[in-house]
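Just below is one structure, and these are the notes that go with it.
The values are calculated or read from the model by the stated rules, or taken from the named source; none is laboratory data. Fair warning: this is a prediction, and the values are worked out from it, not measured in the lab. Cβ coordinates were reconstructed from backbone atoms using ideal geometry, including for glycine residues, and neighbour counts include every protein chain displayed.
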Amino acid sequence: MNTPNVHADFNTLINAPKFSDDPVGHRQKKRWELIAVDIYKSTSKEALLEAKGRAEGYIHGLVDAGHLSTRDTDRDYLILSIVQRRREFLKKLLNDYGY
C-alpha cells in the first residue's frame with residue numbers, strides 16, 4: 001500500500017492558514033492544531049467527515065470575523081487536498097484489511 005507522507009501532510013495542514021503573530025493568532029493556531037490532530041486521528045470515514053466539518057467551520061468563522069483572508073485559495077486547496085488524501089487512505093485501508 002502506498003501510504004501518504006503523513007508527517008508532511010500534517011505540517012502542511014497545520015501551516016495552511018496564516019495566523020497573526022499576536023496572542024489572538026497564537027490561540028487560533030493552537031485551536032487549528034487540535035482540529036488538524038482530529039483529522040489525522042480519524043480512523044473511520046464518519047470521524048474524518050466530522051473533523052473536516054469542524055475544520056471548514058473554523059476557517060469560515062475566522063474568515064467571517066476578518067482574521068483570515070477571503071482570497072487565500074491556496075489555503076483552501078491545501079486543506080481540501082489533504083483531507084481527500086486522508087479519506088482515500090482510510091478507504092483503501094478499510095477495503096484492504098477489512099477494518
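What the table below lists for this structure:
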{"item": "Among the candidates Ala65, Ala16, Ala55, Ala51, residue that is farther than 22 Å from Leu94 by Cβ, small (Gly, Ala, Ser), touching a helix residue (DSSP H, G or I) at 6+ places or on another chain (Cβ under 6 Å) and at pLDDT 90 or above", "result": "Ala16"}
{"item": "Spans of helices (runs of 4 or more DSSP H) in segment 13-99 with at least 3 residues loosely packed, with under 12 Cβ neighbours inside 10 Å and of a type in the set (Lys, Arg)", "result": "23-41"}
{"item": "Matching residues, segment 14-47, being within 22 Å of Arg85 (Cβ to Cβ), touching a Phe, Trp or Tyr at 6+ places or on another chain (Cβ under 8 Å) and either in contact (Cβ under 8 Å) with a residue 24 or more places away in the chain or among the small types (Gly, Ala, Ser) (or both)", "result": "Pro17, Trp32, Ala36, Tyr40, Thr43"}
{"item": "Subset of segment 66-99 [of a type in the set (Val, Ile, Thr) and either over 13 Å from the mean Cα position of the chain (by Cα) or farther than 15 Å from Asp9 by Cβ (or both)]", "result": "Thr70, Thr73"}
